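Here the structure comes first, spelled out in structure tokens, and everything after it is commentary.
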Amino acid sequence: MKDQIFAAPRSETEDFSFNEQVAEVFHDMAQRSIPGYSTIINTIGSLTAQYAQNSSRLYDLGCSLGTATICMRKNLKKEQNCRIIAVDSSLPMISRCRNILDSYCSDIPVDTLHQDLNDCEISNASVVVLNFVLQFVEPSRRDDLIEKIYRGLNPGGILILSEKLAWPDQKTDDLLMEMYWDFKRRNGYSELEISQKRNALENVLIRNTEQEHMERFAEAGFSRAVKWFQCYNFASFIAVKK
């Protein structure tokens, strides 16, 4: 279904939330709003094939409709004896995710959990995915979440983190933001839709800089991290536990 949530004028714009209305159109919203979305999802699958350890768990934290989970699942083999844990705090999202996953035949087991990410236990993990999720976590809780992920990863395990970035230089930030809005215009969003969604996200999506992410990885204990993808102000990182 096409995303038209912000197409009609609103006298007052409420904070963005992952409610039933968003869940219904989320696939279209992600494809038209996130530069390089398909590339990131496909690469999550490739990294899963490379880094998944036998008899380990793989986590998709903030799984939304399970797009990354499905790609991870396709890149695992039954004999690896792995299990995927898909977690989301939005009931509409995780409910739809369950239905979508149930429609796919697979030998790879998936547990779907309706749970706050900060309350999710992580253990025996070889791959953890946070795909455009950390930016919605309360900033004061982000360090603890990344540290918890690090502790739950096995040696050699990876965290894949995708985020919308901020730049400390305001002119650069403004330039990249305008390039991003133009991307949305090319994908059919009107000026009204862009403006109203921007207002809805203002107090909800809090961006970090690339340096802040890298410092957080280092402080958590990751031995190395790399930004492997960037388009406009959207980026994806891989952090490896030694």
- Can you tell me how many residues in the stretch 115-144 are open to solvent by 20 Å² or more (accessible area, probe 1.4 Å) and assigned to a helix (DSSP H, G or I)? 8
- Note on the structure: Arg32 vs (1) in a helix (DSSP H, G or I); (2) over 24 Å from Tyr189 (Cα atoms): all pass except (2)
- Within the stretch 152-165, is even one residue open to solvent by 60 Å² or more (accessible area, probe 1.4 Å), farther than 30 Å from Tyr51 by Cα and not charged (D, E, K, R)? no
- Item | Criterion violated by Leu91 - all others in (1) in contact with a His (Cβ under 6 Å, 6 or more places away or on another chain); (2) under 26 Å from Leu153 (Cβ atoms); (3) open to solvent by 10 Å² or more (accessible area, probe 1.4 Å) satisfied | (2)
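A quick yes/no check of all residues on (1) open to solvent by 20 Å² or more (accessible area, probe 1.4 Å); (2) under 16 Å from Asn131 (Cα atoms):
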residue	(1), (2)
Ser56	no, no
Cys63	no, yes
Asn75	yes, no
Gln80	yes, no
Arg83	yes, no
Ala86	no, yes
- Task: Pairs only if they're at least six apart or on different chains, beta carbon under 7 angstrom, first in the stretch 54-72 and at negative phi, second small (Gly, Ala, Ser) and assigned to a helix (DSSP H, G or I); list them, first residue then second.
- Result: Asp60/Ala68; Cys71/Gly45; Met72/Gly45
- Residue match in the stretch 212-219 (condition: modelled with pLDDT of 95 or more and in a loop (DSSP other than H, G, I, E, B)): no
- Counting only residues that are assigned to a loop (DSSP other than H, G, I, E, B) and either more than 25 Å from Ser64 (Cβ to Cβ) or touching a Cys at 6+ places or on another chain (Cβ under 8 Å) (or both), the stretch 145-193 contains a total of 3
- Item | Lone unmet requirement of (1) over 14 Å from Phe132 (Cα atoms); (2) surrounded by fewer than 20 Cβ atoms within 10 Å (Cβ to Cβ) for Thr48 | (2)
- Of Glu12, Glu24, which residue is open to solvent by 60 Å² or more (accessible area, probe 1.4 Å), farther than 22 Å from Gly156 by Cβ and not in a helix (DSSP H, G or I)? Glu12
- Quick one: how many residues across the stretch 30-45 are open to solvent by 10 Å² or more (accessible area, probe 1.4 Å) and under 14 Å from the mean Cα position of the chain (by Cα)? 9
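Out of the stretch 80-114, which residues are of a type in the set (S, T, N, Q), on the phi < 0 side of the Ramachandran plot and in a loop (DSSP other than H, G, I, E, B)?
If the condition is that a residue be of a type in the set (S, T, N, Q), on the phi < 0 side of the Ramachandran plot and in a loop (DSSP other than H, G, I, E, B), then Ser89, Ser90, Ser103, Ser106 are the ones that fit.
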- Message: When the residues of the stretch 18-29 are narrowed to those that are touching a residue at least 40 places away in the same chain (Cβ under 8 Å) and among the hydrophobic types (A, V, I, L, M, F, W, C), which ends up nearest to Cys231 (Cα to Cα)?
- Response: Phe26
- Working carefully through the options Arg83, Arg32, find the one that is among the basic types (Lys, Arg) and free of Cβ contacts under 8 Å to residues at least 40 places away in the same chain. Arg83
- Item | Pair list, Cβ under 6 Å, 6 or more apart: the stretch 198-214 residue closer than 22 Å to Ala225 by Cβ, other residue surrounded by fewer than 16 Cβ atoms within 10 Å (Cβ to Cβ) and not β-branched (Val, Ile, Thr) | Ile206/Pro139; Thr209/Pro168
- Task: Filter the stretch 187-242 for residues that are open to solvent by less than 60 Å² (accessible area, probe 1.4 Å) and of a type in the set (Phe, Trp, Tyr) and give the result.
- Result: Tyr189, Phe217, Phe222, Phe229, Tyr232, Phe234, Phe237
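The values are calculated or read from the model by the stated rules, or taken from the named source; none is laboratory data. This is a predicted model, so every value here is computed, not measured. Counting neighbours? That spans all protein chains shown, and the Cβs are built from the backbone with ideal geometry, glycine included. Each accessible area value is taken on the protein alone, full model and side chains, heavy atoms only, with ligands, DNA and RNA left out. Shrake-Rupley method; radii C 1.70, N 1.55, O 1.52, S 1.80 Å.
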